[in-house]
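As structure tokens, the structure follows; a few thoughts come after it.
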Amino acid sequence: MIENYIKEADRVTYLMPKEVDHHCAGQIIAELDALIEGCGVRKIVFDMKQTEFMDSSGIGFVLGRYRVVQSYGGNVEVVNLSRRLYSMMKLAGLEKLVTLKTKDRERKKDNETDK
């Protein structure tokens, strides 16, 4: 059972672990998806304040949850990113899909800020 989340109305804030890899991501995908589908979650906030390491499966994890919640008309935010993790997500193209916020300043979707 996932325990590192706070649910408020149609929003879930999930505190990501120190390391996000294939093993970690696989453990929470099914339960988080069930929470999205079963409890009417329309916004997911991934809080990365503890996260020091993330591999490509972490990118896939965030992208997968984006696809699920977006199919219900929702959105995803990734907050408290280190500069390194922000750069990695930007290179993967995630900033075009989800809102990214570093620990020291906010980064928004390209289509919201570059107009």
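Couple of notes before you dig in:
- Other-chain or far-sequence residues with amide H under 5 Å of Asn75's (modelled H): Lys43, Ile44
- Cα gyration tensor shape of the chain, rounded if a/c is under 1.5, else prolate or oblate by comparing a/b with b/c: oblate
- Among beta bridges from DSSP that stay inside the chain, the antiparallel ones total about 30%.
- Span-like helix ranges in the chain, DSSP H, alpha carbon extent 18 angstrom or more, Kyte mean at least -1.0: 22-38, 56-70
- Taking each residue as 0.36 nm, the span from Leu15 to Tyr72 lengthens on full extension beyond its C-alpha to C-alpha distance by 18.3 nm.
- Within the same chain, aspartates and glutamates fewer than 8 places from Lys103 are excluded, and of the rest, those with a Cα less than 20 Å from its Cα are Glu19, Asp47, Glu52, Asp55, Glu77, Glu95, Glu112.
- Fluctuation leader among Arg84, Arg42, Arg11 - the chain, Gaussian network, Cα springs under 10 angstrom: Arg84
- Count Lys and Arg as plus one, Asp and Glu as minus one, and take only other residues whose Cβ is under 9 Å from that of Arg42; the net charge is then +1.
Bear in mind these aren't lab numbers, they're just calculated from the coordinates by the rules spelled out. What you see is a predicted model; the values in this text were computed from it and never measured. Note that each Cβ is placed from the backbone with ideal geometry, even for glycine, and that neighbours are counted across all protein chains shown.
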